[in-house]
């Protein structure tokens, strides 16, 4: 009876139960994490009730289809998960620093840590952060009012949140997979890991993966169909070009992962034999499918960050991007090549030298367009007026560290070297070396750059600088020693080691991890202080950085409809051109009614139902799985019968709001770039005079 | 800014300095044979060639950031300059040439160092069959009729030809100082060749995570002079026990080398090492075909599986 009701869920599934039975340090760490999830969740519920925030939360956020709010929710999810991912990383570094004597974590606990750390950082930090920034910025840059499919956008967010929720629930109920973020069978098959761990991974990845595919479709269609008049493809900001490339990857690369995960599920639940040892199963088919997703995935992550660096470097150099066409060609080449190199993740499988050479050369070829992009950014600095703001500090870290990552990437692209350093800490160092300086620094630069747009006030500059420097130095101390350890043959995923000469490098890496933890703390303090001092940091007029693209031509935060009148674009960097020509901030001849989509709870229903379904499938609670799937499908079908999905904002209201803002802009004093980080910066930029020297003379 | 750059440079230099006084010899950076030496040379060549593309970045970034800083009113400012044909050619051309050179190099060495390619040597090659188990290595010497756990001995200046498979989940076999790694997968045979220039002891390991004993799955690869090797073989024959189906079933049960050594009561050997004086049947072939009979294999008969039971395994008729 209890089996029918609760499946394989019982008291021993609670990680706290284990700690009570067997209070070792490893179990106490696990129980502490579980308590943090439970108390954190309860704390949020209490605070929401205490401050009576349930209403605003429901109306303004959970049921909103506004791309800006959805974007912010994605970023919030990513930052929460980033905190967990970093703490796990620091725990692993601590374990390895003491790993010569065995450390304090059991091997099983350590393997859960590296599995959740990888899964979280890729799928629930990098991906939602990127989806969040794209959601927020891209429609503003192309002059659109919302995504092409606002409701589907909400569903994508719901499915991503489901995946993250499942990983968080695994801290409290049962345990996560120990098979790493790639979850290779047969180790993760039913014969070798019969417990709920790999099932958590499967459902978290499958559900979030479907969400990401839908996001890709949404981004691509939005760019194809929703551009403002005159916004030709070759007038779009580089960031939008990177979004097209990323969307293509999302659409074509995520399905192999979803399929691989579902095939693994078929093996585990239905006794199929796709990847088992017996009856003709072949784990290398999984490995092929996984990396057919996995390699494009890393470009899915880094390409939009290239776009963010392009925006940041042009704005803070006060210049056009150098080599726009080169940038477009280079980005597109990277997106296409990213599908042609997956085999370099397993050069060591035993295939012929010709196959390895072909994939090795294809992998190295990606270095060409990537190099072009780096040179283009450097040329963008040339004859600019460069301000070393927080995003530019991240960009400098990126220039140096990402280039080192690229160098080791060229090494790993060579099968001969890969034979030696594959599966070692060299590989771990390499992919952190491209993902942290490339993806995370790009995202943090973008976070500082667009935060004032989203909230109407800047982030505190001093704490931001401290965090940026700590990230860069902390990264260097944590990951550069791992190259050395990998070259000396230390395998990745080892909780312990026997070689005493590894010890000093492990301590250096732990020191770096402590710096990274401080960097994260600085970011939290910065956010707190910036919210406290939001009046001094306010930039309501919308253009704090002398921006170049359309998103800076509207108030901060923007109204729900983004643009009072859809802009007519006449040039690349349209807003910069308009400011230079004195055309900016002109009152339009006429205002029109604006039709906007209504709020809906469908995304939230999908999120709750799919989370329940995920937990039910993990613990074999079949009735709940069927019930939640049925409710979700009924809600989706029911939604299609709902026909009045729009409301109209009258032209008079739009005109009044817009005129009030224009009046404030006209009344405000424009500030020059020396006062960019000063309280006087209200978001109206003084045009940069091209010939400052001559004028001064 | 200077603080940041200084700290990056310091940390890089620190790494290099520590790398220079490396203590461990179990790496291809201190090669024990021609394959690993060629791999190290390849690494250095790539390092050299890519510097042509990388050094300009390292040098130009600080120079440009300093010269074109906002407060330097002497610097030229050309906000609309965004193209130069000469630069375009250089930016695309230089990386393209470097990648082309490296591609030719890559094609040649990938073929030359193909792990499946036998290594030319004056001495006749030694064949060894490797079975990866949870969490130990079984080495079978088919021509000598002996087998060992976690100890791979071979004569110097002799091509060692390995056939590898796994009798559990997937693993990866690496002896860094001698040659690169190769995956070992259940039901599949991969190959690897290496040669040691001189007598020496090298660490070998599994690099593909396979459970709680993963970090302990190391073995000693020992290159010996020919006479010492013959003496070693004789010693294994005299102090070892026969590797029967029953003993193999116990050996295949998930355990580290040290645990297996205890269970087999193989005393007087280095930790984790077991010697077998003879091998029953064609063990490697049996393992290779374990899953290839077209019938389901229950977890109780799959070494490494949670429900694996050595009793079932030993009782199963060999086909």
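We did not get these values from a lab; they are worked out from the coordinates using the rules stated. Every value quoted in this text rests on a predicted model; they were computed, and no experiment measured them. When we count neighbours, we look across all protein chains shown, and the Cβ atoms used for this are built from the backbone with ideal geometry, even at glycine.
For the reader, a short list of remarks on this structure follows.
- Alpha-carbon radius of gyration plus Dmax, which is the widest Cα pair, for the stretch B:70-133 in Å: 26.2, 75
- Helix-only CD estimate at 222 nm, as mean residue ellipticity for the protein assembly as shown, using -39500 (n - 2.57) per DSSP H run (n ≥ 4): -18500 deg cm²/dmol
- Coarse-grained scattering of the stretch A:558-697 at q = 0.09, 0.19, 0.20 Å⁻¹, given as base-10 log I(q)/I(0) from a Debye sum over alpha-carbon atoms: -0.58, -1.15, -1.22
- Peptide ranges A:35-46, A:404-415 listed from the most packed, as the mean C-beta count within 10 angstrom indicates: A:404-415, A:35-46
- Calculated diffusion of the stretch B:112-237, Stokes-Einstein form, Kirkwood radius summed over Cα pairs, 20 °C and 1.002 mPa s, µm²/s: 147
- Kirkwood Rh (inverse of mean 1/r, distinct Cα pairs), the stretch B:39-88, angstrom: 13.9
- Mean Cα-pair separation over length for chain A, i.e. relative contact order, pairs under 8 Å, 6 or more apart, %: 16
- Antiparallel DSSP beta bridges within the protein assembly as shown, as percent of all bridges there, nearest 5: 65
- Cβ-derived FRET efficiency at R0 56 Å, residue B:105 paired with residue A:659, nearest 0.05: 0.25
- Once the Cα-Cα distance is subtracted from the 0.36 nm per residue extended length, the residue A:6 to residue A:525 segment shows a gain of 182.6 nm.
- For the stretch B:126-315, the fraction of alpha-carbon pairs in successive 10 Å shells from zero, as %: 10, 40, 38, 11, 1
- Computed over the Cα atoms of chain B, the ratio of the radius of gyration to the Kirkwood radius (Rg/Rh) comes to 1.14.
- Length gained when the stretch residue A:285-residue A:101 is fully extended (0.36 nm per residue, less Cα-Cα span): 62.4 nm
- Listed peptides B:201-209, A:204-212, A:615-623 appear in the order A:204-212, B:201-209, A:615-623 once ranked by packing, highest mean of other Cβ atoms within 10 Å at the front.
- Axis of helix A:441-455 versus longest Cα principal axis of chain A: the two differ by about 50°, to the nearest ten degrees.
- R0 of 35 Å, Cβ-Cβ distance residue A:635-residue A:336: FRET efficiency to nearest 0.05: 0.35
- Label point at residue A:646 placed 7 Å out along Cα→Cβ; residues across the stretch A:553-581 whose backbone nitrogen lies under 15 Å: A:561, A:566
- In nm, spacing of pseudo-spin labels at residue A:627 and residue A:592 (7 Å Cα→C-beta vector): 4.9
- Peptides A:90-99, A:544-553 ranked from most to least packed by the mean count of surrounding Cβ atoms within 10 Å: A:544-553, A:90-99.
- The simple Förster model, with R0 at 35 Å and r as the Cβ-Cβ distance, assigns residue A:20 and residue B:51 a FRET efficiency of 0.05.
- Helix A:353-365 and the longest principal axis of the Cα set of chain A meet at an angle near 30°.
- Here, P(r) means the percent of Cα pairs in each 10 Å bin from 0 to the largest distance; for the stretch A:70-117 it is 26, 41, 20, 11, 2.
- In the stretch A:1-52, inverting the average of 1/r over every pair of distinct C-alpha atoms gives 12.9 Å as the Kirkwood radius.
- With a 10 Å cut-off around each Cβ of A:314-325, the average count of Cβ atoms from other chains is 4.
- Taken over the Cα atoms of the stretch A:376-532, the convex hull encloses 126 Å³ per residue.
- The mean number of Cβ atoms from other chains found within 10 Å of a Cβ in peptide A:349-361 is 5, as a whole number.
- Distance-filtered residues of the stretch A:577-611 - backbone nitrogen under 20 Å, label point 7 angstrom along residue A:269 Cα→Cβ: A:606-611
- Its Cα gyration tensor gives the stretch A:192-288 an equivalent ellipsoid; the semi-axes, largest first and in whole Å, are 39, 13, 9.
- With all pairs of separate Cα atoms included, the protein assembly as shown yields a Kirkwood hydrodynamic radius of 30.3 Å.
- Neighbouring partner chain Cβ atoms per residue of A:188-195, average, 10 Å criterion: 5
- Fraction of C-alpha pairs exceeding 15 angstrom in the stretch A:320-414: 67 percent, rounded to a whole number.
- Computed over the stretch B:145-201, the quotient of the alpha carbon radius of gyration and 2.2 N^0.38 Å is 1.18.
- Mean separation of Cα contacts under 8 Å (6+ apart) over length of chain B, as relative contact order %: 18
- For the stretch A:541-589, the equivalent ellipsoid built from the Cα gyration tensor has semi-axes of 16, 13, 10 Å, listed from largest to smallest.
- Taking the convex hull of Cα positions in the stretch B:28-112, its mean projected area over all directions (nm²): 8.0
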